[in-house]
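This report refers to the structure that appears directly beneath it.
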Amino acid sequence: MITTLLFQSCEKNQVFEKNVSIEKYSWKNSDKIKFEINVLDTFATYNVYINIRHTTIYPYSNLWLMITIISPDGNQSRQKLEIPLANEEGSWHGEGMGDVWDLKYLAQQNALFRQQGKYTFEFEQIMRQDPLPGIMAMGLRVEQTTVSIN
């Protein structure tokens, strides 16, 4: 079972942020995590981040995801993405406290959303181990990087 946590922020450039908890820190391939974002400004550019919270029991230095984006007109794009969680020496990236680590990974810089409406982002873990231990939560954050002049 997946639980949703929603974080609000005072940051004026933040358009969306939502994090989903993964039950028992065990993410199955079949458990797809979905986020829906409503885009109004198609002239602005956006930075798209993936938030990852994991424990030090996570057995790998990276995380492979399949990301599906469904645009308002129903078109889908799929992309494999490797997110490095640790360096070659085994030190975790991000911010940690005790055995919990948070990483805000820039997945796409200056992205354009060409259509107004609802976009669905779907995350699926595609690691060889299933279920994948040690992933506590996954999230999506979208920040507007430019102001449109329309």
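The values are calculated or read from the model by the stated rules, or taken from the named source; none is laboratory data. Source: prediction; values computed, not measured. Backbone-built Cβ (ideal geometry, glycine too); neighbour counts: all protein chains shown.
Remarks
- Segment 105-150, residues that are of a type in the set (Gly, Ala, Ser) and farther than 14 Å from SER71 by Cβ: ALA107, GLY134, ALA137, GLY139, SER148
- A single member of ILE83, ILE126 is among the β-branched types (Val, Ile, Thr) and within 13 Å of the chain's Cα centre (by Cα), and it is ILE83.
- Scanning segment 104-149 for residues that are free of Cβ contacts under 8 Å to residues at least 60 places away in the same chain and either among the aromatic types (Phe, Trp, Tyr) or on the phi > 0 side of the Ramachandran plot (or both) turns up just one, TYR105.
- Counting only strands (runs of 3 or more DSSP E) wholly contained in segment 84-139, the ones carrying 3 or more residues that are surrounded by 14 or more Cβ atoms within 10 Å (Cβ to Cβ) occupy 100-111, 117-125.
- Hits in segment 23-47 - residues which are in a loop (DSSP other than H, G, I, E, B), surrounded by 13 or more Cβ atoms within 10 Å (Cβ to Cβ) and hydroxyl-bearing (Ser, Thr, Tyr): THR42, THR45
- Condition met for LEU6 (at pLDDT 95 or above and closer than 20 Å to ILE135 by Cα): no
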